Amino acid sequence: MAETITALPEPLFAALQQDSFALLSTIDFETGAPSMNAISWLYATELGTVRFAVDQRSRILNNLKSNPLLSLTYVGVGSVHAIYGSARIVTDALPEVPFKLTCLDIEITSVRDAMFYGSRISVAPEYEKTYDKRAAEKLDIQVFAAMKKA
C-alpha cells in the first residue's frame, strides 16, 4: 500500500474484524493541539467505515463535536496504517451496555501506509485487560453486540 487510497484494503478490513486496538487522534476542543488516545472497541463495518465506541464522558467526544476530522493509526498487517476521515455519531447511548457509551462511525477519506521506508511490522502489538478478565470479556461482548445493532 504505497499510495494513498480511499478505502480499507481487504487485509486491513479483515484485521479490523477482530479484537484490536488503535490510536485515535483528534484536535483538542480547548487548546487546538493534537490529542491521541488508545481505543479498543472498534471494527470495520465496510471498506469505507470504521465504527468505534467511547465513554460519553470522554474528551474524545468534545473534540469530535468541535472538529469531526480525525486519524486512526492501526499497527498490524505488516505496516502502520493511517486512516483519515470524519466522525459521525451513530447513537448517543448504546443500549444493553452497563454504562453510557457513544457509538461513532469514521467515514474514511483516505488510508495511507505510514511505515518508514524499507521496513515492515513483523509482530503486531498485543495488549491484555488488567482487570477481571471474565468481566472484561462479558463487557466486550455486550459492547460489540450493541455496536453491531446500532
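The values are calculated or read from the model by the stated rules, or taken from the named source; none is laboratory data. These figures come from a predicted structure and were not determined experimentally. Every residue, glycine among them, receives a Cβ derived from its backbone with ideal geometry; neighbour counts consider all protein chains shown.
Conditions (1) under 18 Å from Ser20 (Cβ atoms); (2) surrounded by fewer than 19 Cβ atoms within 10 Å (Cβ to Cβ), marked per residue:
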residue	(1), (2)
Ala53	yes, no
Gln56	no, yes
Ser66	no, yes
Ser71	yes, no
Val75	yes, yes
Gly78	yes, yes
Pro95	no, yes
Glu107	no, yes
Next item on the list: Would you point out which residue out of Ala136, Ala114, Ala150 is modelled with pLDDT of 90 or more, of a type in the set (A, V, I, L, M) and out of contact with any strand residue (DSSP E or B) (no Cβ under 7 Å at 6 or more places or on another chain)?
Entry: Ala136
Note to self: Which of the numbered conditions does Ser122 fail, given that it passes all the others? Conditions: (1) more than 17 Å from Ser40 (Cβ to Cβ); (2) buried (at least 17 other Cβ atoms within 10 Å of the Cβ).
What the structure shows: (2)
Next item on the list: Please specify each residue of segment 106-150 satisfying the condition of being over 19 Å from Phe13 (Cα atoms), free of Cβ contacts under 8 Å to residues at least 24 places away in the same chain and acidic (Asp, Glu).
Entry: Glu128, Asp132, Glu137
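Yes or no: segment 51-66 includes at least one residue that is under 9 Å from the mean Cα position of the chain (by Cα) and closer than 19 Å to Thr109 by Cβ.
yes
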Margin query: Could you tell me how many of the residues in segment 7-25 are more than 24 Å from Gln142 (Cβ to Cβ) and modelled with pLDDT under 95?
Written below: 0
Check: Can you tell me which residues in segment 13-40 are within 9 Å of the chain's Cα centre (by Cα), surrounded by fewer than 16 Cβ atoms within 10 Å (Cβ to Cβ) and small (Gly, Ala, Ser)?
Finding: Ala38, Ser40
